[in-house]
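Notes follow once the structure below has been shown.
The values are calculated or read from the model by the stated rules, or taken from the named source; none is laboratory data. None of these values were measured; they are calculated from a predicted model. Quick reminder, even Gly has a Cβ in these numbers, built from the backbone with ideal geometry, and neighbours come from all protein chains shown. These accessible areas exclude ligands, DNA and RNA; they are computed on the full protein's heavy atoms, side chains included. Shrake-Rupley method; radii C 1.70, N 1.55, O 1.52, S 1.80 Å.
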Amino acid sequence: MNTEAINPSAANSAARLAPGFADPVHDAQDCFRKVMQAMARPGTLQTFEPGLIDLPAPLTAMGAAVALTLLDYDTPVWLDPALAKSPDAVSFLRFHTGAPIVDVPVEAAFALVSEPERLTGLGNFAQGTPDYPDQSATLVLMNQTFGKGASLKLKGPGIKDVARFSTSPVPTTFWDQVQANNAQFPRGVDVIFTGEAQIAALPRSTQLTRPEA
């Protein structure tokens with residue numbers, strides 16, 4: 001469902017729109033490469049300087065950069081409650097990406113999450129089907145601090161032997177959900193983590209365990 005009326009005042013905030021990329025083509029290409037490298041090498045940190053300023057809270061520079069890179073008119077996006085309640089953030093995303101905003105997670109191709117510790121369950125997002133696993137959602141978690149939180153061991157495509165990864169904040173049961181999500185590969189969601197100047201990713205093909213388990 002396209003929630004064009006997600007906030008009646010969103011349409012009136014155009015005058016306060018923050019600028020997008022300084023060089024839209026070059027910057028989006030650079031960010032896309034970093035996202036693809038992060039997906040190809042799960043758990044590694046890819047550095048990117050988004051160069052975005054004066055963004056409406058709670059949108060972060062790296063979260064906005066990934067949105068500007070991956071969203072378009074054909075990619076419905078779900079915003080977490082904090083983003084959805086910000087007229088300026090909604091207007092920024094609509095103006096710069098054209099992506100339709102949906103109010104039901106399962107209808108989204110992408111999800112932007114500014115308060116990852118309050119993220120709804122991964123099972124609420126599109127999982128894809130056995131015939132069309134590519135119809136699953138990609139979640140973009142903002143405000144991440146890498147190297148903090150539970151220490152994880154990663155195995156799978158793009159990883160030689162074992163990789164280590166940790167990030168925070170995430171919900172208490174998040175890593176259990178990721179394990180269950182990835183166990184249904186090729187179905188399941190993909191997750192992109194964004195910090196201040198770094199990107200990491202856990203595609204659904206990655207096997208995740210906790211060292212103490």
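Within region 181-210, being in contact with a Leu (Cβ under 8 Å, 6 or more places away or on another chain) and open to solvent by 30 Å² or more (accessible area, probe 1.4 Å) holds for 198, 207, 209, 210.
The one condition from (1) open to solvent by 50 Å² or more (accessible area, probe 1.4 Å); (2) over 16 Å from the mean Cα position of the chain (by Cα); (3) more than 18 Å from residue 192 (Cβ to Cβ) that residue 91 does not meet is (1). Restricting region 150-161 to residues that are open to solvent by 50 Å² or more (accessible area, probe 1.4 Å) and modelled with pLDDT under 95 leaves a set whose member that is nearest to residue 179 (Cα to Cα) is 151.
Among the residues making up region 120-143, those that are more than 16 Å from residue 69 (Cβ to Cβ) and touching a helix residue (DSSP H, G or I) at 6+ places or on another chain (Cβ under 7 Å) are 120, 121, 122, 124, 125, 126, 128, 129, 143.
Against the condition in contact with a strand residue (DSSP E or B) (Cβ under 6 Å, 6 or more places away or on another chain), crowded, with 20+ Cβ neighbours inside 10 Å, in contact (Cβ under 8 Å) with a residue 24 or more places away in the chain and within 14 Å of residue 116 (Cα to Cα), how does residue 170 come out, does it pass? The answer is no for residue 170. Evaluation of residue 76 against the conditions (1) open to solvent by less than 20 Å² (accessible area, probe 1.4 Å); (2) within 27 Å of residue 29 (Cα to Cα) shows that the sole unmet condition is (1).
May I ask you to say which residue of 11, 15 is open to solvent by 40 Å² or more (accessible area, probe 1.4 Å), over 21 Å from residue 80 (Cα atoms), at pLDDT below 50 and not in a loop (DSSP other than H, G, I, E, B)? Walk me through it before giving the result.
Numbers: 11 fails: over 21 Å from residue 80 (Cα atoms).
It is 15.
Residues checked against (1) at positive phi; (2) under 15 Å from the mean Cα position of the chain (by Cα):
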position	(1), (2)
100	no, no
103	no, no
120	no, yes
142	no, yes
147	yes, no
154	no, no
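Scanning region 101-122 for residues that are surrounded by 14 or more Cβ atoms within 10 Å (Cβ to Cβ) and assigned to a helix (DSSP H, G or I) yields 105, 107, 116, 122. Per the conditions (1) farther than 26 Å from residue 106 by Cβ; (2) touching a residue at least 40 places away in the same chain (Cβ under 8 Å); (3) in contact with a strand residue (DSSP E or B) (Cβ under 7 Å, 6 or more places away or on another chain); (4) aliphatic (A, V, I, L, M), the sole criterion not satisfied by residue 201 is (1). Looking for something at pLDDT 95 or above, open to solvent by 30 Å² or more (accessible area, probe 1.4 Å), part of a strand (DSSP E or B) and not aliphatic (A, V, I, L, M) - is there at least one such residue anywhere in region 43-51? Yes, region 43-51 contains a residue that is at pLDDT 95 or above, open to solvent by 30 Å² or more (accessible area, probe 1.4 Å), part of a strand (DSSP E or B) and not aliphatic (A, V, I, L, M). One residue stands out in region 77-100 among those that are polar (S, T, N, Q) and assigned to a helix (DSSP H, G or I): the one that is farthest from residue 114 (Cα to Cα), namely 97. Screening residue 139 against (1) open to solvent by 40 Å² or more (accessible area, probe 1.4 Å); (2) closer than 16 Å to residue 81 by Cα leaves a single unmet condition, (1).
For every residue, the table says whether it meets (1) free of Cβ contacts under 8 Å to residues at least 24 places away in the same chain; (2) among the acidic types (Asp, Glu); (3) over 25 Å from residue 166 (Cβ atoms).
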| site | (1), (2), (3) |
| --- | --- |
| 33 | yes, no, no |
| 55 | no, no, yes |
| 76 | no, no, yes |
| 81 | no, no, yes |
| 108 | no, no, yes |
| 111 | no, no, no |
| 125 | no, no, no |
